[in-house]
Amino acid sequence: MGGHFTIPLCDARRAAVALALLCMAGCGPSGPSPAVKQPAVAEPSGPPPPAGVIAGPLGATLSDADRQTAFNAQIDALDSGQRKSWKGKGAVFGYIEPGADVGGCRDYTHTVYLDGRPQSGKGNACKQPNGGWKF
């Protein structure tokens, strides 16, 4: 018995297929080969999710679409420094009253009317270097 052994044909085929798949993937012991392109990281798209006063209890009873509409108006008011109104679906509407710009930050009041009843919340936001607002 000379120290030699045989691999069953079925196992040898599995090993060959696994090796071929590994080579096709462009991977070796040290990771991906330079010829294999890495998938691109998806950039977030669309508007930012609601934040600030409208993301809290004041906006909790709004639909997603109405909350986004209110948030977009909130951003417009903060950017312009002027009162902005918005209208959602049905009888939902509101407005944002921004305060003065103090060192790149603004206090603001966001009022939402649900079934004709006003509910208000106060917040503060500061302009960020990327142009967005931090709430």
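I'm trying to understand the selection: among the residues of segment 60-88, which are hydrophobic (A, V, I, L, M, F, W, C) and either farther than 15 Å from Thr109 by Cα or without any contact (Cβ under 8 Å) to a residue 40 or more places away in the chain (or both)? Selection gives Ala60, Leu62, Ala65, Phe71, Ala73, Ala77, Trp86.
Scoring Gly104 on the criteria (1) touching a strand residue (DSSP E or B) at 6+ places or on another chain (Cβ under 8 Å); (2) within 19 Å of Ala55 (Cβ to Cβ) leaves a single failure, condition (2). Of all the listed residues (Ala73, Ala65), the sole one being of a type in the set (Gly, Ala, Ser) and surrounded by 13 or more Cβ atoms within 10 Å (Cβ to Cβ) is Ala73.
Rule-based calculations on the coordinates, nothing more; no lab input. Since this is a predicted model, take the numbers as computed values, not measurements. A quick note on method: Cβ atoms are made from the backbone with ideal geometry, for glycine too, and the neighbour counts reach across all protein chains shown.
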